[in-house]
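Data first, discussion second: the structure below is written as structure tokens.
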Amino acid sequence: MKVQTSFIVKEYLRPKMLPSTWCGGCGLGIIMGAIAQAVHFKGLDKDNVAMVSGIGCTGRMSGYMDFNTIHTTHGRAPAFATGLKMARPEMTVLTVMGDGDAMSIGGNHLIHAMRRNIGMVAIVVNNSVYGLTGGQTSPTTPIGGHTTTAQSGSFERPMNLEALARTAGAAFYARATVNHTASLTKLIERALDVSGFALVEIISNCHVLFGKMNQMAEASTMIAAMDEDTWRTNPTLLRRAHLPIRLTSPESPSAPVHALTEMDDVEDESRTWRGVIFERKGSVDLSKRYYNMLGRIREQQRAAEEMV
Amino acid sequence: MAQVTPGIYEVQVDKNFCKACGLCVAWCPQDVLAEDDERYPFALHLEKCINCKLCERHCPDFAIEIIAPSEVLMIEDILAEGA
């Protein structure tokens, strides 16, 4: 199933703002289309969906999409979204962040949003590099990845968002790529169903800055490499096997490593996993719990007044 | 499964939106699309198109669209409602 492009543009985007300022071939446009389709297939009213974005290339998405949108300060998108969800619990909140936005400057806010299990869908677009400011090393740059600030290859250990989300208490975690567009839409749909903090990490491409320095200068080569770099998980098997916390590819937990290692020698299970990585059963959104608690307190007060 | 009849589809490219990134050409499984001198896509072998919409899905700029005969009417209906 695919919604007609002209319908997406007319219904879910702001055509006056298009074409976007993103480079030709940037995966952010694909993600924008997938979000619009997921919202369409879920049958959500677009006036009842809010999109909160931070700063960066990804932050511009709130300007192009025709939901209730806020373009907030750098890294503070989850904080603004928490306030929004608590004030208007009936609203579907989508938080869109880049990897620099979510994991470096806003890591703190992301952790506490996950700890509170506040009901929002956080979309973290991971392109392994600080795109807007000129391609500096980001927390997700894989070891050996060349960037403008790591000319002979990054030697810092990249951040593992998957392990962080598990320990901080997110309700749902899925990883998608811009190559597998159909599953990207499906995973965002799954995340929209979750009550609680649902995190979707999307591996995207920055062929202009990261790819150029890592033998993937064309958008098509970089996106095509994601198919080899990642391995599709089988959630049923994962559940049956009772696997302990299993981190994906140890050198590079959440980034395409194609140009950096020979993928032929890498076992399937050692590649970056995509699909639903974990889902916590019985999770309840914080705003729902809060308003339930308020209701109980009001009932108790009313009962106490009647007694008097 | 609906039967796929190649050759009844039209490819529309909006050059105001297109940034000539080459993703649609790279993903077309039937080699319908080709690049022109300025790297914009055009339908070289339109008769092979099977309406898989991989080009639409991979277009980051909402520039390419496959028009199927029954859907031409549907889009006209949507546009009529909007107007």
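The values are calculated or read from the model by the stated rules, or taken from the named source; none is laboratory data. Note that the structure is predicted; figures quoted are calculated from it, not measured. No Cβ is skipped: glycine too gets one built from the backbone with ideal geometry, and neighbour counts run over all protein chains shown. Keep in mind that these areas ignore ligands, DNA and RNA; they rest on the heavy atoms of the full protein, side chains included. Shrake-Rupley method; radii C 1.70, N 1.55, O 1.52, S 1.80 Å.
In deg cm²/dmol, rounded to 500, what helix-only [θ] at 222 nm does chain A give when every DSSP H run of at least 4 residues adds -39500 (n - 2.57) and the total is split over its residues?
-10500 deg cm²/dmol
Please give the average number of partner chain Cβ atoms lying within 10 Å of the Cβ of each residue in A:196-205, rounded to a whole number. It would help to have the intermediate numbers written out before the result.
Numbers: counts 0, 0, 0, 0, 0, 0, 0, 0, 1, 2.
Across the residues of A:196-205, the mean count of other-chain Cβ atoms within 10 Å is 0.
Determine the shielding of peptide B:49-60 by partner chains: average, over its residues, the number of Cβ atoms on other chains within 10 angstrom of each Cβ.
Per-residue shielding by partner chains comes out at 6.
Over all pairs of distinct alpha carbons, what does the Kirkwood formula give as the hydrodynamic radius of the protein assembly as shown, in Å?
Radius from the Kirkwood sum: 22.0 Å.
First select every other residue whose beta carbon is under 14 angstrom from the beta carbon of residue B:17; then total the charges, Lys and Arg +1, Asp and Glu -1.
That works out to +1.
For the charge dipole of the protein assembly as shown, defined by +1 on Lys and Arg C-beta atoms and -1 on Asp and Glu C-beta atoms about the Cα centroid, which residue among A:95, A:124, A:108 has the Cα displaced farthest towards the positive pole?
Value: A:108.
Search the structure for amide H atoms under 5 Å from the amide H of residue B:49, placed 1.01 Å from N in the peptide plane, and list their residues when 5 or more places away or on another chain.
Under 5 Å from the amide H of residue B:49: B:7.
Check cross-link reach from residue B:48 to the lysines: straight Cα distance under 21 Å, and skip same-chain residues fewer than eight apart.
A:2
Multiplying the sequence separation of residue A:232 and residue A:300 by 0.36 nm and subtracting their Cα-Cα distance, what value in nm do you get?
Net length gain for the segment: 19.4 nm.
Enumerate the lysines that residue A:212 could reach by cross-link, defined here as Cα to Cα under 21 Å, with residues fewer than 8 away along the same chain left out.
B:19
For residue A:154, what accessible area in Å² do you get when you roll a 1.4 Å probe over the heavy atoms of the protein chains, rounding to the nearest 10?
The accessible area of residue A:154 comes to roughly 10 Å².
With a 1.4 Å probe and all protein chains kept in place, how do A:141, A:21, A:92 rank by accessible area, largest first?
So, going from the largest accessible area down, we get A:21, A:92, A:141.
Just to be sure I understand the model, the point goes 7 Å from the Cα along the line to the Cβ. What's the resulting residue B:16 to residue B:30 distance in nm?
My value for the distance between the label points is 2.9 nm.
Let me have the relative contact order for segment A:5-283, percent, based on Cα pairs under 8 Å that are six or more residues apart.
That works out to 17 percent.
May I ask you to rank B:35, A:306, A:156, A:162 by accessible area, largest first, using a 1.4 Å probe over the protein chains only?
The ordering from most to least exposed comes out as A:306, A:156, B:35, A:162.
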